[in-house]
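Participant: Before we start, here is the structure in question, set down as structure tokens.
The values are calculated or read from the model by the stated rules, or taken from the named source; none is laboratory data. Model, not experiment: these values are computed from the prediction. Quick reminder, even Gly has a Cβ in these numbers, built from the backbone with ideal geometry, and neighbours come from all protein chains shown.
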Amino acid sequence: MAWLSTVASVGMAVGPPLVYADQAYSIVRKKDATGFSRDVCAILLIANITRCFFWLGDHFEFALLFQSIFMILAQVLINFALRYLRSYICILYRPRISPENLGGSSRPFSFWQWSTYVQHVEFLAGLILFQAILFLILSRFEVYVAILGFVALGLESTLPIPQLISNYKQRSLYGFRMSTLIGWAGGDAFKTAYFFWQGSPIQFKACAVFQLSIDFAIVVQRMLYGNAAPPSVLLDDEDLEQALALGEEVN
């Protein structure tokens, strides 16, 4: 059974980051991130950075540590970086009706709705520095390490919630790839079983069960709403067609 455990560990480490490859391809191909909540990127980055510090205080499986590292790299490289290869997709191909494109944000300090790549990098660098300082001061306290774990895993368990809200507002899963949804539901079901099988810390088990329940709620949305283009996208397309027609008349 050792080989099965090894395969499961490798799957846990590399599987979740790969889920976003198809979503990234779809956004680049359409040059539009409508339907995919960019807050997902924020949650994954913050949660996995925090989880790395949790590992320093409570050495859980290496597979889960590598999963966090690969996920951070996936979000930075696929969703933000590779700027000159046109692949920081969630910024470059933000939805046409996003707060950045409309010229404003209702969030404090416009959190995660900044208009430039550098602002996101500065935030992540500040977060890492802040957590490093806290860890150096408080890591000797077991309560702090336990809280760090609940923060990391609890935050990650909220990952599907922005997408759930986005789907509800649009009354559609337009732009949200079925492969990503299958990856979420299947991957979270697998990792929940993995956590119980491997006897992972309670933080992993509790948060995985919660996250899986949200995944299934999105599956229900998919069955109820479908993936037709929402009115906002249709209106944009109609405006474009009218502008082209007007231009032809002028010429």
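Participant: Looking only at region 47-70, count every residue that is free of Cβ contacts under 8 Å to residues at least 24 places away in the same chain and not polar (S, T, N, Q) and tell me the total. Working first, answer last.
Facilitator: If we filter region 47-70 for residues that are free of Cβ contacts under 8 Å to residues at least 24 places away in the same chain, which is where we start, we get 52, 55, 59, 65, 68-69.
Adding the requirement that they be not polar (S, T, N, Q) leaves 52, 55, 59, 65, 69.
Selection size over region 47-70: 5.
Participant: Still on this structure: Among the residues of region 21-36, how many are of a type in the set (Ser, Thr, Tyr) and either surrounded by 22 or more Cβ atoms within 10 Å (Cβ to Cβ) or modelled with pLDDT of 85 or more (or both)?
Facilitator: Residues in region 21-36 being of a type in the set (Ser, Thr, Tyr) and either surrounded by 22 or more Cβ atoms within 10 Å (Cβ to Cβ) or modelled with pLDDT of 85 or more (or both): 1 in total.
Participant: Within region 204-212, is there a residue that is in contact (Cβ under 8 Å) with a residue 60 or more places away in the chain and surrounded by 17 or more Cβ atoms within 10 Å (Cβ to Cβ)?
Facilitator: Here is the first cut: in region 204-212, the residues in contact (Cβ under 8 Å) with a residue 60 or more places away in the chain are 204.
Retained after the next criterion (residues that are surrounded by 17 or more Cβ atoms within 10 Å (Cβ to Cβ)): 204.
Yes - at least one qualifying residue is present in region 204-212.
Participant: Report the residue count in region 51-61 for those that are surrounded by fewer than 22 Cβ atoms within 10 Å (Cβ to Cβ) and part of a helix (DSSP H, G or I).
Facilitator: Of the residues in that region, 5 qualify.
Participant: What are the residues in region 200-247 that are part of a loop (DSSP other than H, G, I, E, B) and at pLDDT 85 or above, if any?
Facilitator: Gly226
Participant: Continuing with the same structure: One residue is enough: does region 169-178 have a residue meeting the conditions more than 25 Å from Trp55 (Cα to Cα), assigned to a helix (DSSP H, G or I) and touching a residue at least 24 places away in the same chain (Cβ under 8 Å)?
Facilitator: yes
Participant: Can you go through Ala152, Ala132, Ala146 and tell me which one is out of contact with any helix residue (DSSP H, G or I) (no Cβ under 7 Å at 6 or more places or on another chain) and under 16 Å from Asn48 (Cβ atoms)?
Facilitator: Being out of contact with any helix residue (DSSP H, G or I) (no Cβ under 7 Å at 6 or more places or on another chain) and under 16 Å from Asn48 (Cβ atoms) holds for just one of Ala152, Ala132, Ala146, which is Ala132.
Participant: Against the condition surrounded by fewer than 19 Cβ atoms within 10 Å (Cβ to Cβ) and within 15 Å of the chain's Cα centre (by Cα), how does Ser179 come out, does it pass?
Facilitator: Spelling it out, Ser179 is indeed surrounded by fewer than 19 Cβ atoms within 10 Å (Cβ to Cβ) and within 15 Å of the chain's Cα centre (by Cα).
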